[in-house]
Amino acid sequence: MLFLYGLLLQSEGEAREESHANDVLHSVFVLGKELFAGINALSAYSYVKSPAMAQKYIESRQKIKNEFKILRKSLDHYPVQLKELEKAELIEMRALKLCDGLYDSFSDDEVDIMTMMNIKHTRGQMEALVEQSVNQLKVLNESVQRESGSRSEAALKWRYNAKLLLLWGVGFNIFLSIVIVLYFSRAITNRLKILMSNANRLADAQPLLPSIEGVDEIAELDKVFHQMAATIEESKKRQKALVDNAVDVICSIDANDVFTMVSPASERVWGYKDTELVGQSLTDIIVEEDIEETLQCVDTFKKVDSTVPVENRVRCPDGKIINVLWSMYWSEAEETLYCVAHDITARKMVESVLKESEERTRQMMEGLPVGLFVIDSKGKIQLANRKTQEMFGLKQSELAGRNLSTLLKSDDNLEQNEWMKELITSASGHVIELVGVRQNGSQFPVELSSSETFATQKSLHLVALLDVSERHEIERLKREFVAMVSHDLKTPLSSVRGMLVLLSAGAAGELPAKAGPMVKSAEGQLERLIKLINDLLDVQKMEAGKFQINRTEVSIRAILEQSYDAVEQVAEENEVTIEISGGDDRVNADPDRIVQVVVNLLSNAIKFSPRGTQVDMRIVKESDFVEVQIEDRGRGIKEEYRDVIFERFKQVEAADATEKHGTGLGLAICKMIVQEHHGTIGVRSDEGKGSTFWFRLPRNQ
């Protein structure tokens, strides 16, 4: 390699020398050419005075100078040649100097005889210098060529010797290679035989020969074979563990439908040992009714690349029937059907139970006296029971797929999407009242409530629909009855009460001693009846939406004081004192209605307060509301009555209606009035320690 590298370096040196000689030759040629071109241009200029000839002379002169610079740079490392160049440059510069003098003389418009003689003499000198310059350039060129030639001859001789040496080296390498091949061929052949044997053993799943020692490629490849064998063995162990411990039965069946391999799970799932099943036909364990269909599916698997699961029933040794789902894969190369059999008996039982449950649910839906819809999130009807079909005069086929909004509308002029959204998104138990439209165009009032349900992972809504036509009619008759009774009773009772007041005042003379208390008692009973009638009228107005609220800005304390004046006499008769505390505030409310609330609560507090006790009225101001509290020291209210005490005709104890002369409507009316003012009402009570009734009204902002 070193010898060849030396040859390469020598070749590069020769190439550089040859290039250098060519460059010097080219420069010498350019110098000679430009010197004669300049002299010719100068001669032409002396006759015709052409600016073009003058310019050509100047360009040739500049090229000569540039070429000398280039040539001097290329001869920096050649001192002998550089010395010859300097001589040639000196001669040529002298010639150019004479040429410049001639150029100046030719440029003068007036040339005398003396000048002409000088020009002639100068031309003679210049011709001699040009001849010397050319000769010196030839000397330079010959020196360069001579040196380059001598080096070429030495290089040729050296290369001849190198060829002989290379021939000897090649012969020695061939001999050495033969010796090495003969030495190593036996060892490599033996190692390759071991490698091939291990490859065949790996393919046949047989144990491999011991590993080949070494770090070469053959040893590394043999190590890979051993690693592959270890990996395959580990994979077989894992596969066997998976098959042995699988919950499902894993098996293989040949082209004749005979078991060739069965996992141990068959004993636990089917009751057959794996050794019993191997060699048996698939049809031996399948229920007779399912054999034909199963064989058809197996044939389909063999002909078509299909992955459709197969269901059938397997008969166990003890006579038990098991439902099985088969997943099968047919290997054309091995002509074997690989199967995974999953026990779906429990799933089938669940499906059967669900089917029965669905049937019972359907029967219940059909037997219910209320209409039932099943709709999706967009209101499209999926199912309707028989009662619904009767309500609207439509069949199931006519209702299915129809939007619920085509059967219902709102009495309050709400848009369809508004009440539909409220129906679907409202909590279970929330009731919406709408109007149903029958097939013939007739209308009837209905109440709807919905609850979300799921079927096949799809969100659906079960809508219950109740025809409330009869209830509306009953309520209408009740309102008419209350109005009639109230009107027909209130007027005569007021007249009778007036007569009793006159009798008590002695308008018909002084009453007997026994008659006075009786008249007084009758007057009290009439007042109770008139109050009951007034309460009934108030309730009827509230339900009918005719309850008037005339709001104005009022003082809470003024309302409490006015209420105190109304019950002061009753409080004195019951020996109960009333105290008002707290600051004042103003609210936007109907003063008469709020006084009615306070008077009602005060009257109840007085009635249930022991003699000699005090009732406190407090004003509590909060950031958003004003709270009025009325606290007594009576018997309190039991916990089970606190949530229902504000309902109509509710009494804490049954005897209160007679002993305390209560109607059971007062608190219900108070609640309605407070709610009409967008407020809230409630009670806090400890049994045996008294009660605190409170209501809150929004503050003026």
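Readers should treat all values here as calculations from the given coordinates under stated rules, not as data from a laboratory. This one's a predicted model, so the numbers in the text were calculated from it and none came from an experiment. Neighbour counts run over all protein chains shown; Cβ positions are idealised from the backbone, glycine included.
Which residue, Ile630, Pro610, Val620, has the largest displacement toward the positive end of the dipole of the stretch 593-638 when charges sit on each Cβ (Lys, Arg +1; Asp, Glu -1)?
Selected residue: Pro610.
Quick one: P(r) of the stretch 183-260 from all Cα-Cα pairs, 10 Å bins, percents rounded to integers, in order of increasing distance.
So the P(r) values, bin by bin, are 16, 33, 23, 16, 10, 3, 0.
What length, rounded to one decimal in nm, is gained on full extension from Ser442 through to Leu176, with 0.36 nm per residue of separation minus their alpha-carbon distance? Intermediate results must be reported in sequence, preceding the final value.
Working: separation 266, 0.36 × 266 = 95.76 nm, distance 11.79 nm.
84.0 nm is the gain from fully extending Ser442 to Leu176.
In sequence order, what are the phi-derived ³J(HN,Hα) couplings for the stretch 552-557 according to the Karplus relation 6.51 cos²θ - 1.76 cosθ + 1.60 with θ = phi - 60°, rounded to whole Hz, with x for glycine and proline?
Residue by residue, the stretch 552-557 yields 7, 7, 10, 8, 5, 5 Hz.
Say R0 is 56 Å: what FRET efficiency, to the nearest 0.05, do Glu220 and Asn403 get from their beta-carbon distance? Can you show the working numbers first?
Details: r = 76 Å, r/R0 = 1.35.
Computed FRET efficiency for Glu220 and Asn403 comes out at 0.15.
Are any of the pairs Lys607/Lys689; Lys83/Lys138; Lys607/Lys638; Lys240/Lys302; Lys56/Lys97; Lys65/Lys87 more than 19 Å apart by Cα-Cα distance, and if so, which? Display every interim value, and only then the final one.
On the way: Lys607/Lys689 15 Å; Lys83/Lys138 14 Å; Lys607/Lys638 17 Å; Lys240/Lys302 26 Å; Lys56/Lys97 17 Å; Lys65/Lys87 14 Å.
In this structure, Lys240/Lys302 exceed 19 Å between Cα atoms.
What size of dipole, in debye to the nearest 20, comes out for the stretch 227-302 about its Cα centre when the only charges are +1 on Lys and Arg C-beta atoms and -1 on Asp and Glu C-beta atoms?
Details: 7 positive and 16 negative charges, 139 e Å.
Roughly 660 debye, rounded to the nearest 20.
Can you check what the Kirkwood hydrodynamic radius comes to for the stretch 548-698, Cα pairs only, in Å to one decimal? Before the final figure, lay out the partial values.
Numbers: mean 1/r = 0.0643 Å⁻¹.
It is 15.5 Å.
Give the calculated FRET efficiency between Lys73 and Asn135 to the nearest 0.05, with a Förster radius of 30 Å applied to their Cβ-Cβ distance.
Efficiency computed from Cβ-Cβ geometry: 0.80.
How many nm is it between the label spots at Glu356 and Ala199, if each spot is 7 Å from the Cα in line with the beta carbon?
Distance between label points: 6.7 nm.
Which whole-Hz couplings ³J(HN,Hα) result when phi for each residue of the stretch 600-607 is put into the Karplus expression 6.51 cos²θ - 1.76 cosθ + 1.60, θ = phi - 60°, listed in order with x for Gly and Pro?
With coefficients 6.51, -1.76 and 1.60, one gets 4, 5, 5, 4, 5, 4, 5, 4 Hz.
What's the FRET efficiency of Leu477 with Ile291 using the Cβ-Cβ distance as r and R₀ = 41 Å, to the nearest 0.05?
On the way: r = 73 Å, r/R0 = 1.78.
Efficiency, from the Cβ-Cβ distance: 0.05.
Tell me the label-point distance for the pair Thr275, Trp168, using the 7 Å Cα-to-Cβ offset, in nm and rounded to one decimal.
Distance between label points: 8.4 nm.
Ser211 versus Val247, label points 7 Å from Cα toward the beta carbon: distance in nm?
Calculated label separation equals 4.2 nm.
Taking 0.36 nm per residue of separation and subtracting the Cα-Cα distance, what length does fully extending Met93 through His430 add? If you can, show how the numbers build up before the last one.
On the way: separation 337, 0.36 × 337 = 121.32 nm, distance 12.20 nm.
Stretched fully, the Met93-His430 segment lengthens by 109.1 nm.
Using modelled amide H (1.01 Å from N, peptide plane; none on Pro or chain starts), what sits under 5 Å from the amide H of Gly679, excluding residues fewer than 5 places away?
When sequence neighbours closer than 5 places are left aside, there are no close amide H contacts.
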